[in-house]
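Worksheet: one structure, shown below.
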Amino acid sequence: QVLLLESGGGLVQPVGSLRLSCAASGSHFSIYIMRWYRHAPGKQRVLVAHIVSGGSTNHADSVNGRFTISRDNTKNTAYLQMNNLKPEDTAGYSCNAFLQEGVTTTPTTVWGQGTRVTVST
């Protein structure tokens, strides 16, 4: 069973930076896509960014130019570098991975537990 563990959240002042990590653990799996979502109180969960195995990325308009998703395939880890943070970035951030365990199973999506980001003075 593959597990995802996010880390790096916390309290930061506006215009500050944080880097979130999403590490996948398990054995014999291949990750095709990794995504970061956020869920702010009273709002729907939204996709922030995704990265495919080849390295192509996409970021939501609201974070484009401030957030950067990346991944280290050797560590099965995705990162979300968040710069110039704003109070409206305050949310719970979760990652998921579309992956395949072994070579004969059906690919599936796995979610992490999430990490909290608060942008405030």
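The values are calculated or read from the model by the stated rules, or taken from the named source; none is laboratory data. Predicted, not measured: the structure shown is a model, and the values here were computed from it. Here the Cβ positions follow ideal geometry from the backbone for every residue, glycine too, while neighbour counts run over all protein chains shown. The area values use the complete protein model at the heavy-atom level, side chains included, leaving out ligands, DNA and RNA. Shrake-Rupley method; radii C 1.70, N 1.55, O 1.52, S 1.80 Å.
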Comparing THR106, THR57, THR77 in a Gaussian network model of the chain (Cα, 10 Å), the one with the largest mean-square fluctuation is THR106
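I want the local charge near ALA40. Using Cβ-Cβ distances under 15 Å, sum +1 for each Lys or Arg and -1 for each Asp or Glu among the other residues. Write down the numbers at each step before the final one.
Details: positive: ARG38, LYS43, ARG45, LYS86, ARG116; negative: GLU88, ASP89.
That works out to +3.
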With a point put 7 Å past each Cα toward its Cβ, work out how far GLN100 is from GLU88 in nm, to one decimal.
4.0 nm
Each residue of region 112-121 in turn: what ³J(HN,Hα) in whole Hz from Karplus with 6.51, -1.76, 1.60 and θ = phi - 60°, glycine and Pro shown as x?
x, 7, x, 9, 8, 10, 10, 10, 7, 8
For region 39-94, I need the span (max minus min coordinate) of the C-alpha atoms along each principal axis, in Å, sorted largest to smallest.
36, 20, 16
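With all distinct Cα pairs included, what does the Kirkwood hydrodynamic radius of region 10-51 come out to in Å, to one decimal, could you say?
Here the Kirkwood hydrodynamic radius works out to 13.2 Å.
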Quantify, in whole percent, the carbon and sulfur part of the accessible surface of region 1-101 (1.4 Å probe; protein heavy atoms only).
48 percent
Most fluctuating of TYR32, TYR79, TYR93 in the GNM of the chain (C-alpha, under 10 Å) is TYR32
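For the chain, state the semi-axes of the equivalent ellipsoid (square roots of 5 times the eigenvalues of the alpha-carbon gyration tensor), sorted largest first and rounded to whole angstrom.
Taking √(5λ) for each Cα gyration eigenvalue gives 26, 13, 12 Å.
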With x for Gly and Pro, the residue-by-residue ³J(HN,Hα) of region 35-51, computed from phi through the Karplus equation 6.51 cos²θ - 1.76 cosθ + 1.60 at θ = phi - 60° and given in whole Hz, is 10, 10, 10, 9, 9, 8, x, x, 10, 6, 5, 10, 7, 8, 6, 9, 9
Each label sits 7 Å from Cα toward the beta-carbon; between SER25 and SER62 the label points are separated, in nm, by 3.1 nm
When the charge dipole of the chain is computed with +1 on Lys and Arg Cβ and -1 on Asp and Glu Cβ about the Cα centre, the Cα farthest towards its positive end, among SER70, GLN13, ILE51, belongs to GLN13
